[in-house]
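What follows is one structure encoded as structure tokens, with my remarks underneath.
The values are calculated or read from the model by the stated rules, or taken from the named source; none is laboratory data. A quick note: this is a predicted structure, and the numbers were derived from the prediction, not measured. Here Cβ is always computed from backbone atoms with ideal geometry, including for glycine, and neighbour counts include all displayed protein chains. Surface areas here come from the heavy atoms of the whole protein model, side chains and all, with no ligands, DNA or RNA. Shrake-Rupley method; radii C 1.70, N 1.55, O 1.52, S 1.80 Å.
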Amino acid sequence: MRTRLHIKGKYLWRCCTLILLGVVLAFCHTKISSLTMPPSATVGEIVPIKLTLDVKPGFGDFNPHVSNFIMAVLMPKGWKGRQNMTATYGGGKGEGNMVFMPAGTICPNSNGLTWEVALREKFGLAGNLIDDLEWVVMQTDVGIKYISNEEITANIDVKLKVAADDNPTMVKLSFVVANSSDGLTENPSTTDAGYGVTAQYYNQFTTSCFSVTGGSGDMVDFCNPQLTTIDPPKSLDNDIVTIAYNDNLTNTALKGSQVVYLCATGTTSDGKTITVCEQTDKTRMVQSPAGSGFYKLTFWPKKFFSAADGQTIASMTYFVTNADGSIKVGYGNSAAPFTFRFRCP
Amino acid sequence: MDNFFKIGHAYLLIGLITLGLASCKVDRVLPSAESVKDISGSWKVIKASRNGTDLIPLIDYSQFRVKFDAKGAYTLVNPLPFVASKDGKYAFDDPNYPFKITFTANGGTPVSTAFNYPVSGGARQLTLTFSPGCTLNNYVYTLVKE
């Protein structure tokens, strides 16, 4: 009888150890204590960004614990972050390079989501308004050996070549730091006083509107609401595009209109212009819901501009008009048209 | 032991053996040939999405048809963005077990896409995923035969 009890106890201890190993890998706090970067840059410039981190791991008796430190940056897709960003880390836990997270790596405690998707679900567009952004995820080249309750001050130096797509841009860049064991979880019962759940296992820092000037492309403003937006933001004349008009941002001459129309001029790749400026079903922007001031029109540019075989529409300029075409609203509620270039990232 | 050979037990034994033999009989079935996937006919779009956004309330698909003939040609009626932008030829990678369908527009280059041909509500559906514009923009059409 004593022997049986002894075996049972042994298994019990093993189970307990496994459970504890699984549960107690916890960080007491992870915080971006400062982030410095210039407020603006020119297209193609390599911008230095410095993150200072305040980290304290805590995981009971299971010392030391090895985990990769992670940094993710939300930036426009057109910037091609995986080709244009490098980063190094230094400070309390040695120096090294940040390397890109292999594609498809699963974020722990996220029900099997990849890091990119998990970040997207948790932080969305971080206050930006156009859905053409992506999270670029990096991790330390080696695992960091953490010792319980050890206060660590570290830094990450990022060098980001901005606006590789040649577009002047206004965007709120967002930075998230985390570690490869805990993912983007929260545990209110074990947070450090003064830090809270959003600086326990991960922490986010979003910049104010960062401005990139110069470049030959069209201005992309992720920060400020636009009178019109185009979905998909990157498209060709053989895509199906939706132009949405938001009449609530400023006092336009179209205020209160039940129906508005699109008045557009396409420029073909061979330099010809085709104008479609009629007030018919073809150009009618449907208000939905009624009285909301949100109007949209979905169309196939190739057919809309009646492009001939072999002709492609390279760009278009457009206005939003009232029912008889006498009132035209243009870019920023001015007399200049909105512009859009048909091209891929 | 003597009792075992009593007549009643013998019947029981024979019965059991017969049952046993019957149950072990191998039922040989000739493998039937997988049917050739015949999609000839006129197909219309019943579902359409762009990057996950439902396009049905946004754009009029009611006039758009894809007509496949039995000789490997297709025609587009009232065209909208599709796998191919002009009429041409279509082919399967394997006529019996197709995984891919290839559209070759007249004078164009072949474009292949996965061939999904499920039965839904008693009717065959054809689901095609493609990018007629930028490759990052994905469109999914579900078509049914008229």
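In table form, for the structure just shown:
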{"read-out": "Cβ-Cβ under 9 Å pairs, at least 6 apart or on other chains, segment B:48-61 side at the interface with chain A (Cβ under 10 Å from one of its Cβ atoms), far side part of a loop (DSSP other than H, G, I, E, B) and open to solvent by 80 Å² or more (accessible area, probe 1.4 Å)", "value": "B:ASN51/B:LEU136"}
{"read-out": "Residue check, A:THR298 open to solvent by less than 60 Å² (accessible area, probe 1.4 Å), outside any loop (DSSP other than H, G, I, E, B), among the hydroxyl-bearing types (Ser, Thr, Tyr) and within 14 Å of another protein chain (Cβ to nearest Cβ)", "value": "yes"}
{"read-out": "Entirely in segment A:26-134, the strands (runs of 3 or more DSSP E) that have 1 or more residues that are under 17 Å from A:ASN179 (Cα atoms)", "value": "A:26-36, A:46-58, A:65-67, A:69-76, A:85-91, A:96-100"}
{"read-out": "Qualifying residue in segment B:40-55 (condition: part of a loop (DSSP other than H, G, I, E, B), within 19 Å of B:VAL144 (Cβ to Cβ) and at pLDDT 95 or above)", "value": "yes"}
{"read-out": "Residue within segment A:257-277 that is buried (at least 18 other Cβ atoms within 10 Å of the Cβ) and part of a loop (DSSP other than H, G, I, E, B) present", "value": "yes"}
{"read-out": "Qualifying residue in segment B:137-144 (condition: touching a residue at least 24 places away in the same chain (Cβ under 8 Å), more than 14 Å from every other protein chain (Cβ to nearest Cβ) and of a type in the set (A, V, I, L, M, F, W, C))", "value": "yes"}
{"read-out": "Complete set of residues in segment B:116-136 that are without any contact (Cβ under 8 Å) to a residue 60 or more places away in the chain and open to solvent by less than 20 Å² (accessible area, probe 1.4 Å)", "value": "B:LEU128, B:PHE130, B:GLY133, B:CYS134"}
{"read-out": "First in segment A:209-220 and open to solvent by 40 Å² or more (accessible area, probe 1.4 Å), second anywhere and assigned to a strand (DSSP E or B), Cβ under 6 Å, 6 or more apart", "value": "A:CYS209/A:MET170; A:THR213/A:THR42; A:GLY214/A:THR42; A:ASP218/A:THR339; A:ASP218/A:ARG341"}
{"read-out": "Qualifying residues in segment A:221-256 (those that are assigned to a strand (DSSP E or B) and within 14 Å of chain B (Cβ to nearest Cβ)) - the one nearest to A:GLY291 (Cα to Cα)", "value": "A:ALA244"}
{"read-out": "Residues that are within 13 Å of chain B (Cβ to nearest Cβ), of a type outside the set (Val, Ile, Thr) and assigned to a loop (DSSP other than H, G, I, E, B), drawn from segment A:309-345", "value": "A:ASP309, A:GLY310, A:GLN311, A:PHE342, A:CYS344, A:PRO345"}
{"read-out": "Residue match in segment A:315-337 (condition: more than 27 Å from the chain's Cα centre (by Cα), farther than 27 Å from B:LEU80 by Cα, without any contact (Cβ under 8 Å) to a residue 12 or more places away in the chain and crowded, with 17+ Cβ neighbours inside 10 Å)", "value": "yes"}
{"read-out": "Meets criteria (within 11 Å of chain A (Cβ to nearest Cβ), in contact (Cβ under 8 Å) with a residue 12 or more places away in the chain, assigned to a strand (DSSP E or B) and more than 28 Å from B:ALA33 (Cβ to Cβ)) for B:SER85", "value": "no"}
{"read-out": "Residue that is nearest to the chain's Cα centre (by Cα), among those in segment A:135-155 that are part of a strand (DSSP E or B) and surrounded by fewer than 17 Cβ atoms within 10 Å (Cβ to Cβ)", "value": "A:ASN155"}
{"read-out": "Residue in segment A:280-294 that is within 13 Å of chain B (Cβ to nearest Cβ) and surrounded by 18 or more Cβ atoms within 10 Å (Cβ to Cβ) present", "value": "yes"}
{"read-out": "Unmet requirement for A:THR273, which otherwise passes all of (1) more than 12 Å from chain B (Cβ to nearest Cβ); (2) closer than 18 Å to A:THR228 by Cβ; (3) touching a Ser or Thr at 6+ places or on another chain (Cβ under 7 Å)", "value": "(2)"}
{"read-out": "A:LEU119 modelled with pLDDT under 95 and hydrophobic (A, V, I, L, M, F, W, C)", "value": "no"}
{"read-out": "Identity of the residue in segment B:95-115, within 14 Å of chain A (Cβ to nearest Cβ) and part of a loop (DSSP other than H, G, I, E, B), that ends up least open to solvent (accessible area, probe 1.4 Å)", "value": "B:GLY108"}
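Table: residues versus (1) at pLDDT 85 or above; (2) basic (Lys, Arg); (3) exposed (fewer than 15 other Cβ atoms within 10 Å of the Cβ); (4) not assigned by TED's automatic domain parsing to the domain that holds A:ASP166.
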| position | (1), (2), (3), (4) |
| --- | --- |
| A:ARG14 | no, yes, yes, yes |
| A:LYS31 | yes, yes, no, no |
| A:THR42 | yes, no, yes, no |
| A:GLU45 | yes, no, no, no |
| A:SER67 | yes, no, no, no |
